[in-house]
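Scroll down for the structure; my scribbles are underneath it.
The values are calculated or read from the model by the stated rules, or taken from the named source; none is laboratory data. All of these numbers come straight from a predicted model, not from anything done at the bench. All Cβ positions, even for glycine, are placed from backbone atoms using ideal geometry, and neighbour counts span all protein chains on display.
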Amino acid sequence: MQAVTDDEVLKFIADNAWNHGIRADGTSLYYIDPGANCFEMKFPEAPLRITYFARVAAMMGINEEALFYGATLWITLSTIGSPQLEKSGWRLVERMRQGFGENRSLQTASGHFFRDDELVDLTAFLVPCFVYGWDAYVVLNGSNDFFIHISHDEYWGVVARVKKTYDRLFSELKDLNPKESPGMRRRFCRPTTV
């Protein structure tokens, strides 16, 4: 894992062809493709389900660990109004990052690049996003036409660039009761007019 700044995340997204059209502005990712669509799922209700949800997010679109080619995790909001509670989350993530030699604060370097042999690490870093209700994006490396958004509003979802990807992932996640999300579509799908 390599921790990076917001600017480095934005540059990486812009510079890499594998992102399949993902755009960024400020701390938001989006698609401009006319077929882009979104669905959302509720946050896990039972503590033990959090690790399952984190694993599902880390392996979205793949069915075996050998197909994981790395990922970007970008935590865009880790201050949701309760510093007394958030500090334990910051400490948890910062201590995990120290295991990789990273000593900067989460607020200074909120992006994380994971190599293809760090799927378990990505999963571990996703757990606090669900526990503390932080906003985060997950972009898997490889030939994917989607990204994941975790929201402090206690939902998480998939933003797919094309209908085929949307339909496939919606079907794969049926056990998590996905539902179409007009709110996410307005936020993350911004088709251009020519």
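Structure values in brief
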| read-out | value |
| --- | --- |
| Answer residue from region 135-170, given it is of a type in the set (Val, Ile, Thr) and more than 15 Å from the chain's Cα centre (by Cα) and is surrounded by the fewest Cβ atoms within 10 Å (Cβ to Cβ) among those | 162 |
| Matching entry among 105, 88 (being at pLDDT below 95, surrounded by fewer than 21 Cβ atoms within 10 Å (Cβ to Cβ), out of contact with any His (no Cβ under 8 Å at 6 or more places or on another chain) and not in a loop (DSSP other than H, G, I, E, B)) | 88 |
| Answer from 170, 125, 130 - the residue that is aromatic (Phe, Trp, Tyr), closer than 16 Å to residue 63 by Cα and part of a helix (DSSP H, G or I) | 170 |
| Qualifying residues in region 173-189 (those that are out of contact with any Lys or Arg (no Cβ under 8 Å at 6 or more places or on another chain) and outside any helix (DSSP H, G or I)) - the one nearest to residue 30 (Cα to Cα) | 189 |
| Which numbered condition residue 38 misses (of (1) farther than 22 Å from residue 152 by Cα; (2) of a type in the set (A, V, I, L, M, F, W, C); (3) surrounded by 15 or more Cβ atoms within 10 Å (Cβ to Cβ)) | (1) |
| Among (1) out of contact with any helix residue (DSSP H, G or I) (no Cβ under 8 Å at 6 or more places or on another chain); (2) in contact (Cβ under 8 Å) with a residue 24 or more places away in the chain, the one test that residue 3 misses | (1) |
| Residue count for region 114-134, restricted to those that are buried (at least 19 other Cβ atoms within 10 Å of the Cβ) and under 21 Å from residue 10 (Cβ atoms) | 6 |
